[in-house]
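Written out below as structure tokens is the structure these notes cover.
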Amino acid sequence: MDQAEQLRMIKASQAKPKPLARVITVTSGKGGVGKSNIAINLAIQFRRMGKRVIILDADFGLANIEIMFGAVPKHNLYDLIYQGKGITDIITWGPMDVGFISGGSGIAGMSNLSKDYLNYIIQNLAQLDDIADIIIVDTGAGISDAVLEFLVACGEVLLVTTQEPTSITDSYSLLKALYRHPRFDETATKVKMVANRLDKEADGEILFEKLNIVISRYLKIPLLYLGSIPEDAQLARAVMQQVPVSLQNPGARSSMAFKRMAAKLLGREEAERQPERGMAAFFSHIIGRMAESEKL
């Protein structure tokens, strides 16, 4: 290989854009449906498949992720914004080197920061694209403004629903609020339903059809069915012991369901998913929209 060819290869490698993390937001219409449990166990399964994973616990005021991991973070997003900590300082590493970031109350105050400060934060968050292949955002439950901002910013949303009538109703209410959001673009966001706590796998498809019929008629949001997680005593025991069931009992029915779901998300059928935006773009969208709202 001559020197000219080497120079061309170097330039080509420099011009190649760096990979962006895949951001997946896990949400639900009501609390208590197992949303955080699903986020954690999917993270464990992604790690088993060789992916680097970080969870952002954006359920402010409820430290579900750290409780389920049995780990207390020293710092959170607030410390990145107001205390001068770097992005690596606020990551707590849990089982199997799954990282998680506690949101604290940091995001709520972002709209009041100067442009230079916001650029500093986004530059720090952009480093997550080097650290992680997949970033899972665990939102709060319900239809608060904060939850909707996360969903509008994300290209991939997992909606956790159970067979309880209130869960089905609240899932519909969440999607209705999302559909009516002035910046929601159904072509830019894929919503995938996860049916949780079921006795039979077929019940998940029935639940999906129930919800999808109403959504197709009134909201026109394309809803996809990702799969179901069975009711499992092993999972309940693992939660009580603050260990993800995918670690404590990899052969449990729920663990195997999480494994299939993670494989489906990474499989060939996901080749046409929304392009990765990366963490910097994700937060740039949220912060920019917050700032716009403040001016109104």
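The values are calculated or read from the model by the stated rules, or taken from the named source; none is laboratory data. Since we're looking at a predicted model, the values are computed, not measured. A quick note on method: Cβ atoms are made from the backbone with ideal geometry, for glycine too, and the neighbour counts reach across all protein chains shown.
Here is how the numbers come out for the structure above:
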quantity: Members of the stretch 162-172 that are touching a helix residue (DSSP H, G or I) at 6+ places or on another chain (Cβ under 7 Å) and either among the basic types (Lys, Arg) or surrounded by fewer than 21 Cβ atoms within 10 Å (Cβ to Cβ) (or both); calculated: GLN163, ILE168, TYR172
quantity: Scope the stretch 149-165; condition in a helix (DSSP H, G or I) and over 24 Å from ILE206 (Cβ atoms); matching residues; calculated: GLU149, PHE150, LEU151, VAL152, ALA153
quantity: Subset tally (residues that are in a helix (DSSP H, G or I) and out of contact with any Leu (no Cβ under 7 Å at 6 or more places or on another chain)) for the stretch 215-227; calculated: 3
quantity: Residue list for the stretch 207-237, filter: among the small types (Gly, Ala, Ser) and more than 16 Å from SER167 (Cβ to Cβ); calculated: SER216, GLY227, ALA233, ALA236
quantity: Answer residue from the stretch 228-259, given it is of a type in the set (S, T, N, Q) and part of a helix (DSSP H, G or I) and is surrounded by the fewest Cβ atoms within 10 Å (Cβ to Cβ) among those; calculated: GLN234
quantity: Sole exception among (1) within 20 Å of PHE150 (Cβ to Cβ); (2) buried (at least 21 other Cβ atoms within 10 Å of the Cβ) for GLY31, by number; calculated: (2)
quantity: Filter result for the condition that a residue is over 22 Å from SER228 (Cβ atoms), among the aliphatic types (A, V, I, L, M) and either surrounded by 21 or more Cβ atoms within 10 Å (Cβ to Cβ) or out of contact with any helix residue (DSSP H, G or I) (no Cβ under 7 Å at 6 or more places or on another chain) (or both), over LEU175, LEU128, LEU151, LEU159; calculated: LEU128
quantity: Selection from the stretch 238-258 of residues that are of a type in the set (S, T, N, Q), modelled with pLDDT of 95 or more, more than 19 Å from THR161 (Cα to Cα) and within 22 Å of the chain's Cα centre (by Cα); calculated: SER246
quantity: Subset of the stretch 127-148 [under 15 Å from the mean Cα position of the chain (by Cα), part of a helix (DSSP H, G or I) and charged (D, E, K, R)]; calculated: ASP129
quantity: The stretch 178-214, residues that are touching a residue at least 40 places away in the same chain (Cβ under 8 Å), surrounded by 20 or more Cβ atoms within 10 Å (Cβ to Cβ) and in a helix (DSSP H, G or I); calculated: LEU178, LEU207, LEU211
quantity: Condition broken by ALA262, with the remaining ones in (1) modelled with pLDDT under 90; (2) closer than 17 Å to ILE135 by Cβ satisfied; calculated: (1)
